[in-house]
Amino acid sequence: MSIGDRRVRLTVARSSRQWAVLPLAAGTALLAGCASAPPLQARIKVVSDERMEIFWVRAHPGKEGVLVTGQVRRAGISKPALGGHLHVTAEMEDRHQPASVDTRWTGSLAGRVRRSARFSVLVPAVPVDRLRSIRVEYRAGLDAAPKGKAAADSPSVPVAGGSHDRI
């Protein structure tokens, strides 16, 4: 066998391995696309704040409500975010009281580098077919308890289990 024949065999072997990976990559992309539900077409309103920037907000249908995900970052290096939380409100077409949930972002926004952090929250008991709009806003302080109502009767339901990293 000559050196030229060896080169031809190696080249054919490399190209056949490269083509063998292509169907595997296409199948993986197809499964990943089918596994997640497409984002909802509800109107999403983001309320900006001088300390916190909320961006890339998406809403997906969930088994028990609407899953709202997105990212946050400090609005500027000189303006630190002083704690706080995100207030997510879902308005339905036939309900007078919107469903609202408070959540935090995962990760730290502190430091000299302007970095982003993710958030994800499930707004429970929201029928996807009657969802009118979603509002996401940053609140620096704690929410006040509604007057004349017990905490169990309140439409705001805090979600437990989220990360509470200091910023």
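The values are calculated or read from the model by the stated rules, or taken from the named source; none is laboratory data. Everything numeric here is computed off the predicted structure, so don't read it as measured data. Positions of Cβ are backbone-derived with ideal geometry, glycine not excepted, and every protein chain shown enters the neighbour counts.
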Original post:
Yes or no: Ala152 out of contact with any helix residue (DSSP H, G or I) (no Cβ under 9 Å at 6 or more places or on another chain), more than 28 Å from Gln41 (Cα to Cα), aliphatic (A, V, I, L, M) and modelled with pLDDT of 75 or more?
Top reply: no
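Within the stretch 106-119, identify whether any single residue is of a type in the set (Lys, Arg) and under 20 Å from Arg43 (Cβ atoms), and answer yes or no. Steps first, please.
Pass one, the stretch 106-119, residues of a type in the set (Lys, Arg): 112, 114-115, 118.
Filter once more, keeping what is under 20 Å from Arg43 (Cβ atoms): none.
So far as the stretch 106-119 goes, no, none of its residues is of a type in the set (Lys, Arg) and under 20 Å from Arg43 (Cβ atoms).
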